[in-house]
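Working notes for the structure below.
The values are calculated or read from the model by the stated rules, or taken from the named source; none is laboratory data. Keep in mind that what you see is a predicted model, and the values were worked out from it rather than measured. Every residue, glycine as well, gets a Cβ built from its backbone with ideal geometry; the counts of neighbours run over all protein chains shown. For accessibility, only protein heavy atoms count, side chains too; no ligands or nucleic acids. Shrake-Rupley method; radii C 1.70, N 1.55, O 1.52, S 1.80 Å.
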Amino acid sequence: MTKLLGITTLVAVFLLAGCGKKQTETSEETTSTAEQPGGGTPVDQATVGELTGKVSFQGPKPKLPTIHMDQDPVWVQKHSAAVHVEDGQVNDNGTLPNAFVYVKDGADKYSFPAPTSSVSLDQDGCMYKPHVLGVVVGQDFHVISSDPTTHNIHPMPKDNREWNESQPPHAAPLDKKFTRPEVMIPVKCNQHPWMRAYIGVTKNPLFAVTGSDGTFSIKGLPPGDYTVEAWTAGFGTQEQKVTVGPKETKTVDFAFKPS
Ligand SMILES: [Cu+2]
């Protein structure tokens, strides 16, 4: 006699026995060798233009698996409704959230000042927030936690240095930098296997991430010919060429299809 298991919605059932176990493997800082962006012509702010657009999806809205983590007390405490996998999400208006749109080529002859602001990745309800973010080479990057549980942050780069560090509740932020451009670096948590984020490390601040309306705006483009790429976790990437004149606002729309 076999008994059918009533598993209706799940990515997988992960046992949480290891939650709280420290898995620090490396803690090498990558600050000293950071390449600063730039090295070219300073941007004349009087001539910069803007790139705007929308990332749409042509197809039925995919039914995404539910992340089902009732065994985790932090999860139960912070989520009263079902939470779906974020990769492959489509907004109600037929656009894509979490598309990383960036100037892939054409801006290298300009130098951009290193951003003085920092970028943070939070862990909240055993989810990474935001799911997709951008940071410039050499810019300060902080990992913080809003959860009363231990997380393990593990970026998996190809071109940057890999690290893998635990962060117990109330621990200080992990302060990091990335030394090389890389789109995208997936991030996982070794404690909570469903947690996933993506970091786009760029040479310049010419990037944006789409939100719940699927639009983006990239300001501060010097006049020039550019290749713009839209990256998505669920539907691949697309490129377009665009020429931006002095003080011009150009629209570049992307349309993705079911993969
Ligand atoms: Cu975690």
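Results, tabulated for the structure shown:
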| read-out | value |
| --- | --- |
| Förster-model FRET efficiency, 30 Å R0, ASP213 and GLU248, C-beta, rounded to 0.05 | 0.85 |
| Amide H partners (placed H, <5 Å) of THR149, local residues excluded | none |
| Out-of-range pairs (alpha-carbon distance over 30 Å; input LYS61/LYS188; LYS158/LYS241; LYS129/LYS177; LYS158/LYS250; LYS177/LYS257) | LYS158/LYS250; LYS177/LYS257 |
| Percentage, to the nearest whole number, of Cα pairs in segment 104-176 over 21 Å apart | 34 |
| Accessible carbon and sulfur surface of segment 78-210 relative to its total accessible area, %, 1.4 Å | 48 |
| Label point 7 Å beyond Cα of VAL85 along Cβ direction - residues of segment 40-72 with amide nitrogen under 20 Å | 57-72 |
| Residue among ALA107, PRO169, VAL83 farthest towards the positive dipole end of segment 61-183, charges placed on Cβ | ALA107 |
| Cβ-Cβ FRET estimate between GLU162 and GLU239, R0 fixed at 22 Å, reported to 0.05 | 0.20 |
| Per residue accessible area in Å² of segment 60-104, where ligands, DNA and RNA are left out and the probe is 1.4 Å | 52 |
| Paramagnetic reach from SER118 (point 7 Å along Cα→Cβ, amide N under 19 Å) across segment 182-209 | 199-202 |
